[in-house]
Amino acid sequence: MIRVLLADDEAMVRAGVRAILAAAPDIEVVAEAGNGREALELVRAHRPDVVLLDVRMPVLDGLTAAAELRRAAPDTAVVMLTTFSEDGYIIEALDSGASGFLLKSGDPYELMAAVRAVHGSAAFLSPQIAHRLIQQFSGGRMTRQAAARERITALTAREREVLALVGAGLSNAEIAGRLFLVEGTVKAYVSAALNRLGVKNRVQAALLAYEAGLVDRAS
């Protein structure tokens, strides 16, 4: 079972999300929080696999809570769940260490897919958000592409191969199957690549792989 903690200041929203996840046989909501501070306390008590965080909450907002969770519980994946789709929130959420970003107005199946994806060490963005990010990063593409290609020269050939598959949205287990490696080895390659590139999470690494032109080759 994938253990999930849900944090949202609106009880009706929490009830709706819980009902959606209850339909998944492999997902269990183990705790609910009404603000970011309570979410941090419950993470320490329950050690969930995934935390769904609303961006705007009282006491401690979701973005700040996400950053604190990265330090306090690095093995717990974070998905931001919000009604706000402004670019600033998206970028800040990714910088805070979130592995996924979903709109509350999205398809319920996206919620299940996101929980499963981040639990499998992959990243997940709702289609609307992915489209906005691609549009944003497409500006000045040639310059960005050259910069991205320069950055990936710091990687070994194997690390570039793994980065390409991260960019294609594969989890560590899927990459291991594709490259005939054990999952622990893939995890080590991913960590090394993120450190060399100076990025905080798989989403940022995936965007860099896209800019460098690695993703098309991995497809």
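Going by what's in this entry, would Glu161 be described as outside any loop (DSSP other than H, G, I, E, B) and at pLDDT 90 or above?
Answer is yes for this residue.
Restricting attention to the range 26-40, which residues are in a strand (DSSP E or B) and either out of contact with any strand residue (DSSP E or B) (no Cβ under 9 Å at 6 or more places or on another chain) or not β-branched (Val, Ile, Thr) (or both)?
Glu28, Ala31, Glu32, Ala33
For the range 1-19, enumerate the residues that are in a helix (DSSP H, G or I) and crowded, with 17+ Cβ neighbours inside 10 Å. Break it down stepwise before answering.
Kept after step one, since they are in a helix (DSSP H, G or I), are these residues of the range 1-19: 11-19.
Arg14, Val17 - these are the residues of the range 1-19 that are in a helix (DSSP H, G or I) and crowded, with 17+ Cβ neighbours inside 10 Å.
Say we look at the range 44-59 and pick out the residues that are surrounded by fewer than 17 Cβ atoms within 10 Å (Cβ to Cβ) and under 11 Å from Asp9 (Cβ atoms); which of these is modelled with the lowest pLDDT?
Arg56
Could you tell me whether Leu81 is touching a residue at least 40 places away in the same chain (Cβ under 8 Å) and closer than 21 Å to Ser126 by Cβ?
So Leu81 fits the description; yes.
Give the range 194-214 a look and list any residue that's under 19 Å from Val118 (Cα atoms) and either in a loop (DSSP other than H, G, I, E, B) or not assigned by TED's automatic domain parsing to the domain that holds Ala146 (or both), or say none.
Val199, Lys200, Asn201
Among the residues of the range 164-193 satisfying the criterion of being over 23 Å from Pro74 (Cβ atoms) and part of a loop (DSSP other than H, G, I, E, B), which is modelled with the lowest pLDDT?
Result: Ala168.
Could you grab me the full set of residues in the range 147-197 that are in contact (Cβ under 8 Å) with a residue 12 or more places away in the chain and among the small types (Gly, Ala, Ser)?
Of everything in the range 147-197, those that are in contact (Cβ under 8 Å) with a residue 12 or more places away in the chain and among the small types (Gly, Ala, Ser) turn out to be Ala147, Ala148, Ala154, Ala164, Gly167, Ala168, Gly169, Ser171, Ala173, Ala192, Ala193.
If I filter the range 117-130 for residues that are aliphatic (A, V, I, L, M) and either at pLDDT below 75 or not assigned by TED's automatic domain parsing to the domain that holds Ala23 (or both), do I get at least one hit?
Taking every residue of the range 117-130 in turn, at least one turns out to be aliphatic (A, V, I, L, M) and either at pLDDT below 75 or not assigned by TED's automatic domain parsing to the domain that holds Ala23 (or both).
Evaluate the range 92-112: report whether one residue or more is without any contact (Cβ under 8 Å) to a residue 12 or more places away in the chain and within 22 Å of Gly167 (Cβ to Cβ).
No: zero hits.
I'm trying to understand the selection: among the residues of the range 198-219, which are among the hydrophobic types (A, V, I, L, M, F, W, C), free of Cβ contacts under 8 Å to residues at least 60 places away in the same chain and more than 22 Å from Phe101 (Cα to Cα)?
The answer is Ala218, and nothing else.
The values are calculated or read from the model by the stated rules, or taken from the named source; none is laboratory data. Keep in mind that what you see is a predicted model, and the values were worked out from it rather than measured. For neighbour counting, all protein chains shown are included, and Cβ atoms are generated from backbone atoms with ideal geometry for every residue, glycine included.
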